[in-house]
Amino acid sequence: MTESPTGIVPKRPRIRRPDFPFALVIWDDAVVSSGDVRTEEIGHKAVRYHSAGWILRQNEVGVSVAAEWAPDEGTWRGVTFIPSGLLIEVRRL
């Protein structure tokens, strides 16, 4: 950390962490084609995604993972719900 002209090192702000686990969620997602597609161009498989974030809820229905947290507001952004049938792995970090 850089000293100020007065020689005083400013304090780092205290980081507030949410009381939710952070994880990497590996899951398969459906694919949607838009526009005209030839039969041979159809990708007949799911696409595997990796999502990282806070696990807000996980049960037999699925998992909700949030990408961003606003500690001063107590709100979440970029929340993705993944049905349990699409989950491959939830790896806590």
query = Name the residues in segment 67-93 that are more than 13 Å from residue 50 (Cβ to Cβ), in a strand (DSSP E or B), free of Cβ contacts under 8 Å to residues at least 24 places away in the same chain and not hydroxyl-bearing (Ser, Thr, Tyr), would you?
reply = 68, 70, 76, 77, 79, 81, 83
ask   = Of everything in segment 37-52 that's open to solvent by less than 100 Å² (accessible area, probe 1.4 Å) and not hydroxyl-bearing (Ser, Thr, Tyr), which residue is farthest from residue 80 (Cα to Cα)?
value = 37
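So, in segment 9-36, of the ones that are more than 21 Å from residue 63 (Cβ to Cβ) and of a type in the set (D, E, K, R), which residue ends up least open to solvent (accessible area, probe 1.4 Å)? If you could, list the steps in order and put the result at the bottom.
Kept after step one, since they are more than 21 Å from residue 63 (Cβ to Cβ), are these residues of segment 9-36: 9-16, 32-36.
From what's left, of a type in the set (D, E, K, R): 11-12, 14, 16, 36.
Details: 11: 191, 12: 189, 14: 220, 16: 132, 36: 157 Å².
Among residues in segment 9-36 that are more than 21 Å from residue 63 (Cβ to Cβ) and of a type in the set (D, E, K, R), the one least open to solvent (accessible area, probe 1.4 Å) is 16.
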ask   = Restricting the first residue to segment 48-59 and requiring it to be over 16 Å from residue 75 (Cβ atoms), which pairs with a second residue that is of a type in the set (Asp, Glu) and at pLDDT 95 or above meet a Cβ separation below 7 Å and a spacing of at least six or different chains?
value = 48/28; 49/29
key: Single match in 31, 25 (criterion: part of a loop (DSSP other than H, G, I, E, B), touching a Gly at 6+ places or on another chain (Cβ under 8 Å) and of a type outside the set (Gly, Ala, Ser))   = 31
task = Within segment 71-93, count every residue that is under 13 Å from residue 26 (Cβ atoms) and among the charged types (D, E, K, R).
result = 3
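The values are calculated or read from the model by the stated rules, or taken from the named source; none is laboratory data. Worth saying up front: this structure is predicted, and the values here are computed from it rather than measured. Quick reminder, even Gly has a Cβ in these numbers, built from the backbone with ideal geometry, and neighbours come from all protein chains shown. Quick note on the areas: whole protein, heavy atoms, side chains included, nothing else; ligands and nucleic acids left out. Shrake-Rupley method; radii C 1.70, N 1.55, O 1.52, S 1.80 Å.
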